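The structure under discussion appears below in the form of structure tokens.
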Amino acid sequence: MEKRDIFTGVNSIKFNQRFKSEEDCYFYIASIKWENGYQCRKCGDDKSIPGKKPFSKRCARCKYDESPTAHTMFDKVKFSLLLAFHIAFKISTKKKGMSSLELSKEFELRQMTCWQFKWKIQQAMQSSQQYAISGEVHVDEFFIGGPEEQKRGRSKGDKRLVVLALEKLPDGVGRAYAHLIENASAKEFKPFFKKYISKEAKIITDKWRGYSPLKKDYKNLEQRTSENGKAFKDVHVHIMNLKGWLRGIHHHSSKERLQGYLDEYHFRYNRRNNMGTIFDILLRRMVTHEPKRILSSSSKDA
Ligand SMILES: [Zn+2]
């Protein structure tokens, strides 16, 4: 397949001009799927002939027929691909995304249907974990939900503990990542550090003892007195904004749903100065990742 014509920008007029039909969407998915050439899923052969449906490919050897949407997050979606593209575009390019309730009103779909598709999108928005922070990074934890936080008290009821890493740049703030954790212990911090922070990074935390054991692996970890948050101003602004967004859209979130929201928030946040390719990045993930599983409806929320 020739070089992909990537859709860039956040302009909805241009989006509507580019994606007008199911065919336009199938073509875009196929162009991502077979960007690096075709290989049969069944027998591994690399020669194909046109398949049954538009843009599908049939293996020249074993005749296995694969549609562009098979094994992607667009497989078995309960509405048109064009609608799915519109939803992905809105969620990735609107500053605050869209809740399933807003989606259901705008696109005249059942809220449950929107919610299920949004859950797939949130899975595609998980960090690729390919670009660990290697410069300066501030790490802190905070509670979401429940009465306003006594810091580090044990997690009770609906309260959930979250650890946050915020990259500091000479002229402001860079990327951020957040994960739910069970408690503020080194054991819980470790996998988070491993995923998002390079061993060479200059890490700054407050004086909490849970961070101390990590100095063994992270030589440039420094613990500072928080001075009631003054030493971690950017972190606190970030947490405030994140909580504000969460309050606006979700209620009674289950643990895995809440992680979905954290992923969604930071997917957009980490591309806020580089929105040009955000839709294409999301689309590419939705085509190259299969949804891991469907959540039970009991953990439904907005
Ligand atoms: Zn084959």
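Couple of notes before you dig in:
- Relative to the longest principal axis of the Cα atoms of the chain, helix 186-196 runs at roughly 40 degrees.
- Highest mobility in the GNM of the chain, judged by mean-square fluctuation with C-alpha springs under 10 Å and restricted to Val237, Val287, Val77, is found for Val237.
- Rounded to the nearest 20, the size of the Cβ-charge dipole of the stretch 160-228 about its Cα centre is 280 debye, with Lys and Arg at +1 and Asp and Glu at -1.
- Degrees, to the nearest 10: 81-93 long Cα axis against longest axis of the chain: 30
- Protection proxy ranking of 109-116, 167-174 - average other beta-carbon atoms within 10 Å, highest first: 109-116, 167-174
- Direction-averaged projected area, Cα convex hull, the chain: 17.8 nm², rounded to one decimal.
- Taking Tyr265, Tyr196, Tyr38 as the candidate residues, the one with maximal mean-square fluctuation in a Gaussian network model of the chain, Cα springs under 10 Å, is Tyr38.
- Degrees separating the helix 278-288 axis from the principal Cα axis of the chain, which is the longest one: 70
- Of the peptides 180-186, 255-261, the ranking by mean beta-carbon count within 10 Å, highest at the top, reads 255-261, 180-186.
- Extended-chain gain in nm, criterion 0.36 nm per residue less alpha-carbon gap, Leu101 and Cys62: 9.5 nm
- Applying 1/(1 + (r/R0)^6) with r as the Cβ-Cβ distance of Ser80 and Lys187 and R0 = 51 angstrom yields a FRET efficiency of 0.65.
- Most fluctuating residue given options Lys159, Lys216, Lys190, as computed from a GNM of the chain linking Cα atoms under 10 Å: Lys216
- By the Cβ-Cβ criterion of under 4.7 Å, the unpaired cysteines of the chain are Cys25, Cys114.
- Net charge dipole, the chain: roughly 480 debye, given to the nearest 20, about the Cα centre with Cβ charges of +1 for Lys and Arg and -1 for Asp and Glu.
- Förster-model FRET efficiency, 35 Å R0, Thr113 and Asn36, C-beta, rounded to 0.05: 0.60
- Simple label model, 7 Å out from Cα along Cβ direction - Ala70 to Glu290, nm: 1.2
- The helix-only estimate of mean residue ellipticity at 222 nm for the chain, built from DSSP H runs of length n ≥ 4 each weighted as -39500 (n - 2.57), is -11000 deg cm²/dmol after division by the residue total.
- Ordering 3-11, 28-36 by mean Cβ neighbour count within 10 Å, with the highest value first, yields 28-36, 3-11.
Bear in mind that the values in this text are calculations on the coordinates, not laboratory data. Values in this document were obtained by computation on a predicted structure and should not be read as measured data. Methodologically, a virtual Cβ is constructed for each residue, glycine included, from the backbone with ideal geometry; neighbour enumeration extends over all protein chains shown.
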